[in-house]
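Student: One structure coming up, written as structure tokens, with questions to follow.
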Amino acid sequence: MIITMQNEINDTIPRVLVGAIQGRSGKTTFTLGLLKALTDRGLRVQPFKKGPDYIDPSWMTFASGQQCRNLDLFMMGPDKVRRSFVHNSQGFDISVVEGAMGLFDGLDVEGSNSSAELAYTIDAPVLLVVNCTRITRSVAALVNGVTGFDKRIQIGGVILNQVARARHENIMIESIKRYCDVPVLGVLPKNKAVEIPDRHLGLIPAGEQDMLHTRIETLGNLVKENVDLDALLQVAHNARPLVLDKNQMPLVIHADDAKSNKIKIGIVRDKAFSFYYPENIEALESAGAELVTVDALHDTKLPDGIGGLYIGGGFPEVMAEEISANRALLDDIKCAVEAEMPVYAECGGLMFLSRNIIDGEHTYPMTGVFDCDVEMTAKPQGIGYTIQKVLAGNPFYAEGDTVIGHEFHNSRVVNMGDDLRYGFATERGKGIKPGFDAFVYKNTLAGYHHLHVYGAPGWPESFCTLARNWKDNQKDI
């Protein structure tokens, strides 16, 4: 790190962003192999994932041995994206960012929130992964089209993926060499052994598929054998320094009384519930939370001494039979809700707090906090960014505040009772029903909305304050 002016920090971070012209080009498999190959070289690699995502980052964390971070311009804004990137890249030899969708695909015709816009925001050279199925010389036209489309973006090199045979490879390499001003850094042959199975919302979580970890080894070896890692590292080291304002506030505000006024908060975290952003966890801890893990599959009661409960997303429908069989914990959670313990739940957490999860011919009783059922569907019911306006009576936010996040779910709420109240007026997104998301009951809030703390300022402090107050009230009873 180099200090250039009194109020500026000039930070040199070796970095690349992995992008493609469209989805299903092999970005994720290449990124995982690259993370493993660089880590095997003895480098400390910090992974990042563009956009809201829990599943790809779980694989990237495993491949690199470092906690993957998300960078999202819609939820965070460019300033927080840069600060988060710089802060979390400290002490690492290289930062690798995986893009999402096509490189220039965004929310509108200007490409706002695209991977290209992220590359511009953090000034990262792009490694362009090209799916070479049924293409030869035309690959040069594709590469030139990408390099000429947005001159702000530097294409540092090309990775040719799904290459069939030597003749196929030679024509493409020679075409790019003759017509383009971008080097080919790697050629990955077709290899079914490196495919990672999908689930309806993306890749299967790494923690759920232990037998697939061997595929990371295969991917790492594939990249070592077919990519010029020295040339790739040179591209990363040629990235320009990032200049930040030295006096900007830190991303996570440390509460003055956090150390002296700790409060235990339970967090349901197991194979069924694994969708948590690390920044949310860190922000809660910074605000004074001591997080205590709850296993919905095996624990029979809530931990002693907690003042609140955080239930994230995941795939409770996959393990609904086991969750439903753990009646002791479900009843204990319902009792805690009735006693007005603060409970914050999102997506999978909403399903957990419903009356039943209905999956095809099977119905699995849940906690029954809310008078509704959740029905699994074959098609997505809500995918994308959300903007919520806080309604009166929401225990975690002030009325009128705006909370930015995202949703992705293959379920819908059905058989709703007449007395259910909502905590959000949905300005963008599907929510539970048109215009509304998040049920409110006493001090419990549960909806399809996934939050990232950078889009929900004040949430960790509010959660900890609610938990402290509730805990203190229990002492007086």
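Student: A124 passes all but one of (1) over 17 Å from R152 (Cα atoms); (2) touching a helix residue (DSSP H, G or I) at 6+ places or on another chain (Cβ under 9 Å); which number fails?
Tutor: Going through the list (1) over 17 Å from R152 (Cα atoms); (2) touching a helix residue (DSSP H, G or I) at 6+ places or on another chain (Cβ under 9 Å), A124 breaks only (1).
Student: If we keep just the residues of region 152-173 that are modelled with pLDDT of 95 or more and loosely packed, with under 14 Cβ neighbours inside 10 Å, which is nearest to S115 (Cα to Cα)?
Tutor: Ranking the qualifying residues of region 152-173, first place goes to R152.
Student: Counting only residues that are of a type in the set (A, V, I, L, M, F, W, C) and more than 20 Å from L242 (Cα to Cα), give me the strands (runs of 3 or more DSSP E) lying completely in region 94-196 with at least 3 of them. Let's see the steps before the verdict.
Tutor: Working: elements: 94-98, 126-131, 155-163, 184-189.
Once the strands (runs of 3 or more DSSP E) in region 94-196 are filtered for at least 3 residues that are of a type in the set (A, V, I, L, M, F, W, C) and more than 20 Å from L242 (Cα to Cα), what remains is 126-131, 155-163, 184-189.
Student: Also: Read through the list (1) surrounded by 16 or more Cβ atoms within 10 Å (Cβ to Cβ); (2) modelled with pLDDT of 95 or more, then give the number of the only condition that G111 fails.
Tutor: (2)
Student: Only one of these conditions is not met by I477: (1) at pLDDT 95 or above; (2) within 28 Å of A339 (Cα to Cα). Which number is it?
Tutor: (1)
Student: So, one more: Identify, from the list A467, A438, A446, the residue that is of a type in the set (A, V, I, L, M, F, W, C) and either assigned to a helix (DSSP H, G or I) or surrounded by fewer than 18 Cβ atoms within 10 Å (Cβ to Cβ) (or both).
Tutor: Values: A438 fails: either assigned to a helix (DSSP H, G or I) or surrounded by fewer than 18 Cβ atoms within 10 Å (Cβ to Cβ) (or both); A446 fails: either assigned to a helix (DSSP H, G or I) or surrounded by fewer than 18 Cβ atoms within 10 Å (Cβ to Cβ) (or both).
Among A467, A438, A446, only A467 is of a type in the set (A, V, I, L, M, F, W, C) and either assigned to a helix (DSSP H, G or I) or surrounded by fewer than 18 Cβ atoms within 10 Å (Cβ to Cβ) (or both).
Student: Is it the case that P78 is in contact (Cβ under 8 Å) with a residue 60 or more places away in the chain and in contact with a helix residue (DSSP H, G or I) (Cβ under 8 Å, 6 or more places away or on another chain)?
Tutor: Values: in contact (Cβ under 8 Å) with a residue 60 or more places away in the chain: no; in contact with a helix residue (DSSP H, G or I) (Cβ under 8 Å, 6 or more places away or on another chain): yes.
Considered against the rule, which asks whether it is in contact (Cβ under 8 Å) with a residue 60 or more places away in the chain and in contact with a helix residue (DSSP H, G or I) (Cβ under 8 Å, 6 or more places away or on another chain), P78 comes out as no.
To keep it simple, each residue is scored yes or no on (1) in contact with a strand residue (DSSP E or B) (Cβ under 7 Å, 6 or more places away or on another chain); (2) crowded, with 24+ Cβ neighbours inside 10 Å; (3) without any contact (Cβ under 8 Å) to a residue 12 or more places away in the chain.
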residue	(1), (2), (3)
G65	no, no, no
S89	yes, no, no
G99	yes, yes, no
L103	yes, yes, no
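Student: Could you pull out the residue among K271, K259, K246 that is at pLDDT below 95, under 25 Å from T31 (Cβ atoms) and basic (K, R)? Outline the logic, then answer.
Tutor: Numbers: K259 fails: under 25 Å from T31 (Cβ atoms); K246 fails: under 25 Å from T31 (Cβ atoms).
Within the list K271, K259, K246, the selection yields K271.
The values are calculated or read from the model by the stated rules, or taken from the named source; none is laboratory data. This structure is a prediction, so every number in the text was calculated from the model and none was measured. Glycine also receives a Cβ, built like all others from the backbone with ideal geometry; neighbour counts cover every protein chain displayed.
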